[in-house]
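Just below is one structure, and these are the notes that go with it.
The values are calculated or read from the model by the stated rules, or taken from the named source; none is laboratory data. Quick caveat, the model's predicted, so the values are computed rather than measured. We place every Cβ from the backbone using ideal geometry, glycine too, and count neighbours over all the protein chains shown. Note: areas computed on protein heavy atoms with side chains; ligands, DNA, RNA excluded. Shrake-Rupley method; radii C 1.70, N 1.55, O 1.52, S 1.80 Å.
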Number of protein chains: 2
Amino acid sequence: MSNDERVYIGSKPILAYVTAVITAFSRADSVNVMARGRAISSAVDVVEVTKRSFMRDMIVDDVSIGTEILGEEGNKRNVSTIAIKLSKP
Amino acid sequence: MSNDERVYIGSKPILAYVTAVITAFSRADSVNVMARGRAISSAVDVVEVTKRSFMRDMIVDDVSIGTEILGEEGNKRNVSTIAIKLSKP
């Protein structure tokens, strides 16, 4: 099995990403949920709904936050990021 | 110094909470930034702006996520939460 599945959270409904996480776990032992900006809240929702309703034994290994610089020279801006590492026992 | 300062993030401008975190560090060695629901993204922004612009040596000790149940019996709903533990060296 691969060890590096990633699910990027955007503006679709939460359940679309919950499905993506569950599918990713069929291919890998650990899944990283990644988001930027306003989608950070949704990323936490996706993890919590997945754990509560579908994969009770899923483990949140690590949550890390950071900043990414987006845009061209002269028009740069900082965007907050989150990466939530999940695994199954 | 107290060891348990908490800053709750709501819908004010980010810099209001950045100021609150910096002030809290004058009273304590560690500060917990807490948020629920849509304010989770703002909590990450507050931590990143504080670190990048005001307290370069601040350490993110731990980020934890969870679910809180809000509302009365018969009208309960789940809300995602985040707690970001910060300290200074």
Rounded to the nearest 10 Å², what accessible area does A:F54 show when all protein chains are kept and the probe is 1.4 Å?
120 Å²
Mind jotting down the distance between the C-alpha centroids of the range A:13-29 and the range B:23-65, whole Å?
29 Å
Relative contact order, percent, of the range B:2-87 when contacts are C-alpha pairs under 8 Å separated by at least 6 residues?
31 percent
For the range A:2-87, with all protein chains present and a 1.4 Å probe, just round the carbon and sulfur fraction of the accessible area to a whole percent.
49 percent
As straight-line cross-link partners of A:K76, the qualifying lysines (C-alpha separation under 20 Å, not fewer than 8 residues apart within one chain) are B:K51
Low-density loop positions, trypsin sites (Lys or Arg not before Pro), the range B:1-67 - DSSP coil, at most 13 other Cβ in 10 Å:
B:R27, B:R56
Can you list residues whose amide H is under 5 Å from B:T67's amide H, if they're 5+ apart or on another chain and H is modeled 1.01 Å from N?
B:T81
Residue-by-residue Karplus 3J(HN,Hα) for the range A:47-55, coefficients 6.51, -1.76, 1.60, Hz, glycine and proline x:
5, 5, 5, 4, 5, 6, 9, 10, 10
Any GluC sites (Glu not before Pro) in chain B that lie in a DSSP loop and have at most 12 other Cβ atoms within 10 Å would be B:E72, B:E73
For the pair B and A, total buried accessible area rounded to nearest 100 Å², probe 1.4 Å
1700 Å²
Restricting to DSSP H runs of at least four residues, report the calculated mean residue ellipticity at 222 nm for chain A, -39500 (n - 2.57) per run over all residues, nearest 500 deg cm²/dmol.
-9000 deg cm²/dmol
7 Å along Cα→Cβ, label-point gaps from B:M34 to other copies, nm, shortest first:
3.2
